[in-house]
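Inspection log for the structure reproduced underneath, given as structure tokens.
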Amino acid sequence: MKKITLLLSILFLALGSCGVKTTQSLLSDGNYDGAIDRAVEALRTKKDSKGKQDYVFLLEEAFAKAKDRDLRNLDLMIKEANPANAERIYNTYLQLNNRQEKIRPLLPLPLLKQGKNASFAFDNYTDQIVSSKNALSKYLYENATALLKSNNKLDFRKAYDDFFYLESINPNYKNTKKLMDDAQFKGTDFVDVYAKNQTNMVIPKQLQDDLLDFKTYGLNDKWTVYHSVRQKNVTYDYSLIINFRQINISPEQIKEKEFIKERQIKDGVKTLLDSRGRPVKDSLGKEIKVDNYRTLRANIYEFRQYKACQVTAQVDYVEVKTNQLLQSFPVTSEFIFENIYSTYKGDRNACEDSYTTYFNKRAVPFPNNEQMVFDTGEDLKARLKDIIVRNKFRG
């Protein structure tokens, strides 16, 4: 027991030493906040113990250096008087404040040998946070408002991001919410979706409606909206055209096949006989019994109904303003109707259990051509969605 206790003590000391070295390394590399985080985590328990003294010294030093660096950076940015520094200034004041709040719950932290507590020069940054937030809010608002006057959708999206950030740090600032909605609408690519039938067959209306119902695709995102029915007051940026090129439908086929199934099953026991037909006995003179097997046999008559449909199409991406073809993607979809049923003569138990289900089936009417085309819809829809997901209109 003493050996186990000693080993555990050595292990804890080794782990503690490793943690201190890591914290020292972070401090030496100038990663002051990383060092602070490590020290704070270590001091959450037994902060007054002798084994945690190194962390107290490291925390005191890292805090002082981090604060000094932030204040020097602030002094430089404030003297530059560049409005573009507004976000960095605001975030630096938040960082100064948050760093203090991270350490505050641990105080006081004693320095045992010195007989005093570690020193952390805390300041009240409330006024600076408020004033820098107001300056940042003004900068974001003016910058985003200017971007809204552009004719570039990417500028509208940048404006949206600025308004969104502004709303997160300063809710209900002026008319930010409305302007954010305006920026999103202006930055959105609207896509007109429709189909063209270039085959010599009728495309079922239900299939076209289903293919063009983009609500079921779940493809609308923050900056792209698909409409299968054109809407007023919407200027469309792109068209997505599904061109049906060819539809091939095979003849209705019924194929017949005859084969034999055999299976051996256990059927009681029998006396083991030697090559002369005499019973074989064991050392006690008793006749040896073995499993008796018999063979089941059935003649199977299998019928297979088959009909296939293949739809070939091309998906075109077109820029509406210039009527320029941007990209084309071929797509082919297939649907196979198949019905297998069987009859038999003999013992049906000669067949595997998985096959006997065919004996309960019968011939069914073949689907008509229109139904075959419609049944390709699910596969066609999946392939169309894959094309759109992989190939965005705007990079």
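The values are calculated or read from the model by the stated rules, or taken from the named source; none is laboratory data. Model, not experiment: these values are computed from the prediction. Note that we place each Cβ from the backbone using ideal geometry, even for glycine, and neighbour counts take in every protein chain shown. Quick note on the areas: whole protein, heavy atoms, side chains included, nothing else; ligands and nucleic acids left out. Shrake-Rupley method; radii C 1.70, N 1.55, O 1.52, S 1.80 Å.
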In degrees, nearest 10, the alpha-carbon axis of helix 53-80 is tilted away from the dominant principal axis of the alpha carbons of the chain by 80 degrees
Options (1) 348; (2) 159; (3) 205 are given for volume of the Cα convex hull per residue in Å³, and the computed one is (1)
Of the residues GLN128, SER354, ALA159, the Cα lying farthest along the dipole of the chain towards its positive end, which is defined by charges on the beta carbon of Lys, Arg, Asp and Glu, belongs to SER354
For 184-191, 69-76, ranked highest to lowest by mean beta-carbon neighbours within 10 Å, the order is 184-191, 69-76
Straight-line reach check, LYS266, cutoff 24 Å on alpha carbons, 8 or more apart in-chain or any other chain, hits among lysines -> LYS281, LYS286, LYS289, LYS345
Straight-line reach check, LYS222, cutoff 12 Å on alpha carbons, 8 or more apart in-chain or any other chain, hits among aspartates and glutamates -> ASP161, ASP181, ASP189
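In Å, what Kirkwood hydrodynamic radius results for the range 276-395 from the alpha-carbon pair distances?
Roughly 20.7 Å, rounded to one decimal.
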The chain, Gaussian network, Cα under 10 Å: of TYR344, TYR238, TYR32, the residue fluctuating most is TYR344
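First select every other residue whose beta carbon is under 11 angstrom from the beta carbon of TYR293; then total the charges, Lys and Arg +1, Asp and Glu -1.
+2
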For the chain, whose charge dipole is built from +1 on Lys and Arg Cβ atoms and -1 on Asp and Glu Cβ atoms, the candidate among LEU27, HIS227, PHE393 with its Cα farthest towards the positive end is LEU27
Taking every other residue with Cβ under 13 Å from the Cβ of LEU106 and scoring Lys and Arg +1, Asp and Glu -1, one gets +2
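For the chain, with every protein chain kept in place, what is the accessible area per residue (1.4 Å probe, Å²)?
Numbers: 24350 Å² over 395 residues.
Normalised by residue count, the accessible surface of the chain is 62 Å².
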For PHE122 and GLN327, extending 7 Å from Cα along the Cα-Cβ vector and measuring point to point gives, in nm, a value of 5.6 nm
Taking 174-183, 194-203, 280-289, 355-364 and ranking on average Cβ neighbours within 10 Å, highest first, one gets 174-183, 194-203, 355-364, 280-289
With only helices counted (DSSP H, runs n ≥ 4, each -39500 (n - 2.57)), the per-residue ellipticity at 222 nm for the chain, to the nearest 500, works out to -14000 deg cm²/dmol
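At 0.36 nm per residue, and after removing the present C-alpha to C-alpha distance, how many nm does the segment from TYR355 to ASP75 gain when stretched out fully?
Values: separation 280, 0.36 × 280 = 100.80 nm, distance 8.38 nm.
Stretched out fully, the TYR355 to ASP75 stretch lengthens by 92.4 nm.
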In debye to the nearest 20, the charge dipole size for the range 128-176, taken about the Cα centre with +1 at each Lys and Arg Cβ and -1 at each Asp and Glu Cβ, equals 80 debye
The answer for GluC sites (Glu not before Pro) in the range 326-389 that fall in a DSSP coil and have at most 14 neighbouring Cβ atoms within 10 Å is GLU352
Among CYS309, THR376, TYR344, the residue whose Cα sits farthest towards the positive end of the charge dipole of the range 294-383 (+1 at Cβ of Lys and Arg, -1 at Cβ of Asp and Glu, taken about the Cα centre) is TYR344
The answer for the net charge of residues other than PHE156 whose Cβ lies under 9 angstrom from its Cβ, with Lys and Arg +1 and Asp and Glu -1, is +2
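Considering only DSSP states other than H, G, I, E and B, which trypsin sites (Lys or Arg not before Pro) in the range 220-255 qualify as loop sites with at most 11 other Cβ atoms within 10 Å?
On the way: sites: LYS222, ARG230, LYS232, ARG245, LYS255; in loops: LYS222, ARG230, LYS232.
Passing both the DSSP loop test and the Cβ count: LYS222, ARG230, LYS232.
Tell me the relative contact order for the range 257-319 as a rounded percent, counting alpha carbon contacts under 8 Å between residues six or more apart. Could the numbers behind the result be given before it?
Working: 74 pairs, mean separation 25.6, N = 63.
Computed value for the range 257-319: 41 percent relative contact order.
Which of LYS133/LYS232; LYS205/LYS257; LYS138/LYS392; LYS149/LYS385; LYS65/LYS133 have a Cα-Cα distance over 29 Å?
Those over the limit are LYS133/LYS232; LYS205/LYS257; LYS138/LYS392; LYS149/LYS385.
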With +1 at each Lys and Arg Cβ and -1 at each Asp and Glu Cβ, the charge dipole magnitude of the range 108-260 around its Cα centre, to the nearest 20 debye, comes out at 440 debye
Under the Karplus relation with 6.51, -1.76 and 1.60 and θ = phi - 60°, whole-Hz ³J(HN,Hα) for the range 233-244, x at Gly and Pro, equal 6, 10, 8, 7, 8, 9, 10, 10, 10, 9, 8, 6
Magnitude of the Cβ-charge dipole (Lys and Arg +1, Asp and Glu -1) of the chain about the Cα centre, nearest 20 debye, reported as 1360 debye
Site GLU258, offset 7 angstrom along Cα→Cβ, radius 20 Å on amide nitrogen, limited to the range 299-314, gives 299-305
